[in-house]
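Here is the structure we will look at, set down as structure tokens.
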Amino acid sequence: MKKWKIILSVVVLLLAAGAGTLYYFLNIKDYKTADAKVDEIVKNDFNVKLPSEDVSEDGSGAEVTEQSSDLTADASGAADPADSATGTTQSQSTNKNPGQVKKTSVVKPTAGAILEKYQPAFNDLQAQADGKLNALLSYAFSEYQTKKSNGDEISYFYFYSKYNGAAKKLEASTDQSFDYIYNALVKELEKNGYSSNEAKSIKDHYQNLKKQRRSALMDKAVAYLK
């Protein structure tokens, strides 16, 4: 807790000296924070796997085949024009009953089924992002402990500049991967005649998760420095 009192005291002094000074120390002053390990952690190398657009588990969007012995083909083997007018695709059966015709149709998936199909991709991205964030935090703590053990001067502005910047880069790369999945989801919704608003809850949930992640990051940082 003593460390954070020191930090708050420094911030208060800087505020007393003027907001411009604080901005300089937090955003402009070069603390030489270049670190290949940090760059490796926050780089955009997420493994994103989009779901296929065909068959879903509950049958939504699946090809449905019905067999009927009441339908007959004409002498040329073509389907009855009356049936063709309904938009139903028919093909001559190859089973043992030569008079039987297969009738194939595609069931339109519900908006909910499409959203559910993309959920694993969003969950996987979240897990990867959390893993990177934890790795970044662990590395920051390791650097802090090393400097402390070596008797080096601990610059809190250095740590803020370095790891706040890294966290922002990680958030930006996560946003990019999220948008990739989200845009694919919206495209499939619209392809099936639904509004993009059907996916709004997904984006709202993601924005809330980002806020929670920032808060959790600060809580962990405070716990590490106690």
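Structure data summary
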{"read-out": "Evaluation of Gly87 against (1) at pLDDT 85 or above; (2) at positive phi (one fails), failing number", "value": "(1)"}
{"read-out": "Cβ-Cβ under 9 Å pairs, at least 6 apart or on other chains, the stretch 37-63 side over 15 Å from Ser177 (Cβ atoms), far side at pLDDT below 50 and outside any loop (DSSP other than H, G, I, E, B)", "value": "Asp54/Glu63; Val55/Glu63"}
{"read-out": "Single condition Glu171 does not satisfy, out of (1) closer than 14 Å to Leu217 by Cα; (2) modelled with pLDDT of 95 or more; (3) among the acidic types (Asp, Glu)", "value": "(2)"}
{"read-out": "Hits in the stretch 133-179 - residues which are surrounded by fewer than 19 Cβ atoms within 10 Å (Cβ to Cβ) and of a type in the set (Lys, Arg)", "value": "Lys147, Lys148, Lys168, Lys169"}
{"read-out": "Subset of the stretch 122-161 (residues that are among the acidic types (Asp, Glu) and in a helix (DSSP H, G or I))", "value": "Asp124, Asp130, Glu143"}
{"read-out": "Single unsatisfied condition, Asn123 versus (1) buried (at least 16 other Cβ atoms within 10 Å of the Cβ); (2) free of Cβ contacts under 8 Å to residues at least 12 places away in the same chain; (3) not acidic (Asp, Glu)", "value": "(1)"}
{"read-out": "Given (1) over 30 Å from Ser52 (Cβ atoms); (2) buried (at least 19 other Cβ atoms within 10 Å of the Cβ), index of the condition Ala129 fails", "value": "(1)"}
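The values are calculated or read from the model by the stated rules, or taken from the named source; none is laboratory data. A quick note: this is a predicted structure, and the numbers were derived from the prediction, not measured. When we count neighbours, we look across all protein chains shown, and the Cβ atoms used for this are built from the backbone with ideal geometry, even at glycine.
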